Structures are given as C-alpha cells and as structure tokens.
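Below is one structure, written out as structure tokens; the observations come after it.
What follows is calculated from the coordinates using simple rules that are stated; it is not laboratory data. Computed from a predicted model, the values in this text were never measured in an experiment. Cβ atoms come from the backbone with ideal geometry, glycine included; neighbour counts cover every protein chain shown.
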C-alpha cells in the first residue's frame, strides 16, 4: 500500500467520472457525471460536466440527458454556474474557525410559498489533510 499526501488540489480533470446509484419507486436508478471537455463559458475556462440519469422501467432502460454543468477552479475554490452566476461549492484552504456561506443546490424553488433555495452557513471546527491511498 502506498500513501500520498497532496498539498495541491485538482478538481474534475478531463476523463473523470462519478457514478451514483440509488433505488426509486420505479426500481434501480443511477446518475453518471462525466468531465468531458474544457470549454469557454461566461468568459471562464470551464470544465463541462455532462449528466445522464438512467433508470429501469418495466425492464427497459430509460436515459435522460440533463443540461451540462460548468465548473472552474482557482487556487483554493471550485465554482459551479448556477442561477446565472458562478457560485462556490468546494473550498480547499479553510482553517479552523472559518465560516463559509454558499447555496444549497438541493432545495428547489417554491415561488407560491415564497421559499427558495436556501443559503447554508458552515463553521469549520476541524481541518484534516487529504490523504489518498493507492493500492497496487
């Protein structure tokens, strides 16, 4: 076993892929997010993340392609384009006691009730280095 501690961070290089599986009312489903290409979007050099949802429906796989997600990063933060602007989603340089404020992208808008996607406030109470374990 080899242990490596990285001092820098990299997010979503071309070719990266995330697969999330879950079970819904109609059966097994999964989402595939793939980092396919670098593009210029809103004046920023961005990674385009393509999102595909798949589910089984009566033995047939249904495929639903979502709008792409555009991200970019600087030396310490990853941003996502959401609601017509880039908003932070990952912070790599936090220290104990820091307070972070960013959008909760999971909450939908409910205009009839006046509720909208909420902003989350996090206070950092500990910081641990990222350690990656690489197995042969």
What percentage of all Cα-Cα pairs in the stretch 3-83 are separated by more than 15 Å?
64
How far apart, in nm, are the 7 Å Cα→Cβ label points at residue 119 and residue 57?
3.9
At residue 66 and residue 16, where each label point lies 7 Å from the Cα along Cα→Cβ, what is the point-to-point distance in nanometres?
1.6
Between residue 36 and residue 94, Cβ-based FRET efficiency (R0 25 Å, step 0.05) works out to 0.30
Report the paramagnetic label zone for residue 23: residues of the stretch 42-64 whose backbone N is under 17 Å from a point 7 Å from Cα along the Cα-to-Cβ axis.
55-59
Protection proxy ranking, peptides 13-21, 62-70, 47-55, average beta carbon neighbours within 10 Å, highest first
47-55, 62-70, 13-21
